[in-house]
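Here is the structure we will look at, set down as structure tokens.
Throughout, read-outs are computed from the coordinates displayed, never taken from laboratory work. Since we're looking at a predicted model, the values are computed, not measured. No Cβ is skipped: glycine too gets one built from the backbone with ideal geometry, and neighbour counts run over all protein chains shown.
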Amino acid sequence: MTEICFVTSNNNKIKEVQPFIKNQKIISLQDLNFNGDIKETEKTFKGNSFLKADFIYKKYKINCFSDDSGLEVEALNNTPGVLSARYAGKNASSNDNIELLLKNLKGIKNRRARFITSICLIIDSSVIFFEGVVLGTIIDHKSGNNGFGYDPVFIPDGYNKTFSKMPFEFKNSISHRSIAIKKLVNYINELS
């Protein structure tokens, strides 16, 4: 079984993905003894996912993949975008980010938004991207206690509950990240 690095320090992400990938053992940054910070300086999710994967691929000469995700709100020129986690400032909480988002949307009728995930896979110098998108609407108050980030104010199209009101497993089955991960898994499994 060969190894592939998921460029993340989040072991929960690795546990989520490993059962679906055949003939590849997923390792983390911790397994590589990498504790540094890879700055996300690009202006797109695709750019940031490439930046992280490319850094680890060049440093350790190991096949790897990384992801970058966030929320884009149509009426706010697709912000918060790549700054989703830092929308209200560098050390902002999810609640701070949500409050700023709702403040910036006050009085705006167009509440269309989308969650997006971009995954960059680098295998033997080949670079492949996978994307997952979920369209939806931002409501004007928080609803639900599950999930994280902007989940309490985002209702995906075709549903009448926020991501935060959905059971965790169900939300994960329809999320932008799961859409992108399924594409990645299918690609990797076809290589085996």
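Of the options Ile119, Ile139, Cys64, report the single residue whose Cα projects farthest towards the positive end of the charge dipole of the range 2-191 (beta-carbon charges: Lys, Arg +1; Asp, Glu -1).
In the range 2-191, that residue is Ile139.
Which order, highest average first, do 142-149, 174-181 follow once you tally other Cβ atoms within 10 Å for each residue and take the mean per peptide?
On the way: 142-149: 15.0, 174-181: 20.0.
Taking the mean over residues of other Cβ atoms within 10 Å, the ranking is 174-181, 142-149.
By how many degrees, 0 to 90 and rounded to 10, does the Cα axis of helix 176-191 deviate from the longest principal axis of the chain?
Result, in degrees: 20.
Where the eigenvalues come from the Cα gyration tensor of the range 26-120, what are the semi-axes √(5λ) of the equivalent ellipsoid, largest first, in whole Å?
Working: eigenvalues 192, 39, 18 Å².
Semi-axes from the Cα gyration tensor: 31, 14, 9 Å.
Are there any trypsin sites (Lys or Arg not before Pro) in the range 1-95 that are in a DSSP loop and have at most 12 other Cβ atoms within 10 Å? List them by number. Don't skip to the answer; put the middle values down first.
Details: sites: Lys13, Lys15, Lys22, Lys25, Lys39, Lys43, Lys46, Lys52, Lys58, Lys59, Lys61, Arg86, Lys90; in loops: Lys22, Lys39, Lys43, Lys61, Lys90.
When the trypsin sites (Lys or Arg not before Pro) of the range 1-95 are filtered for loop state and at most 12 Cβ neighbours within 10 Å, Lys22, Lys39, Lys43, Lys61, Lys90 remain.
Would you mind calculating the gained length between Ile62 and Leu102 on full extension (0.36 nm times residue separation, minus the Cα-Cα distance), in nm to one decimal?
Details: separation 40, 0.36 × 40 = 14.40 nm, distance 4.21 nm.
Length difference between fully extended and current span is 10.2 nm.
In debye, nearest 20, what is the charge dipole magnitude of the chain about its Cα centre with +1 on Lys and Arg Cβ and -1 on Asp and Glu Cβ, if you could check? Write out the running numbers ahead of the final one.
Details: 26 positive and 20 negative charges, 59 e Å.
Charge dipole of the chain: 280 debye, to the nearest 20.
Using the Cβ atoms and a cut-off under 13 Å, what net charge is assigned to the surroundings of Leu101, where Lys and Arg are +1 and Asp and Glu are -1?
Working: positive: Arg86, Lys103, Lys106, Arg111, Lys142; negative: Glu72, Glu74, Asp96, Glu99, Asp140, Asp151.
Result for the neighbourhood of Leu101: -1.
Amide H neighbours of Ile27 under 5 Å, counting only residues 5+ apart in sequence or on other chains, H built in-plane at 1.01 Å?
So Ile27 has HN proximity to Ile4, Cys5, Phe6.
Need one number: the % of Cα-Cα pairs in the chain sitting beyond the 30 Å mark. Before the final figure, lay out each step's value.
Numbers: 4003 of 18336 pairs.
Cα-Cα pairs of the chain separated by over 30 Å account for 22 percent.
Quick check: the distance between the Cα centres of the range 1-44 and the range 135-168, to the nearest angstrom?
Cα centres, the range 1-44 to the range 135-168: 27 Å.
In a shell of Cβ-Cβ distance under 14 Å around Phe154, excluding Phe154 itself, what net charge do Lys and Arg (+1) and Asp and Glu (-1) give? Show your work: numbers first, answer last.
Numbers: positive: Arg111, Arg112, Arg114, Lys142, Lys161, Lys165, Lys171, Arg177; negative: Glu72, Glu74, Asp140, Asp151, Asp157.
Local net charge: +3.
Count the net charge of all other residues whose Cβ sits under 9 Å from the Cβ of Phe6, scoring Lys and Arg as +1 and Asp and Glu as -1. Kindly include the intermediate steps, with their values, before the conclusion.
Numbers: positive: Lys13; negative: Asp67.
Computed value for this residue: 0.
Work out the charge dipole of the range 2-191 with +1 on the Cβ of Lys and Arg and -1 on the Cβ of Asp and Glu about the Cα centre, then indicate which of Asn189, Met166, Gln30 is farthest towards its positive end.
Met166
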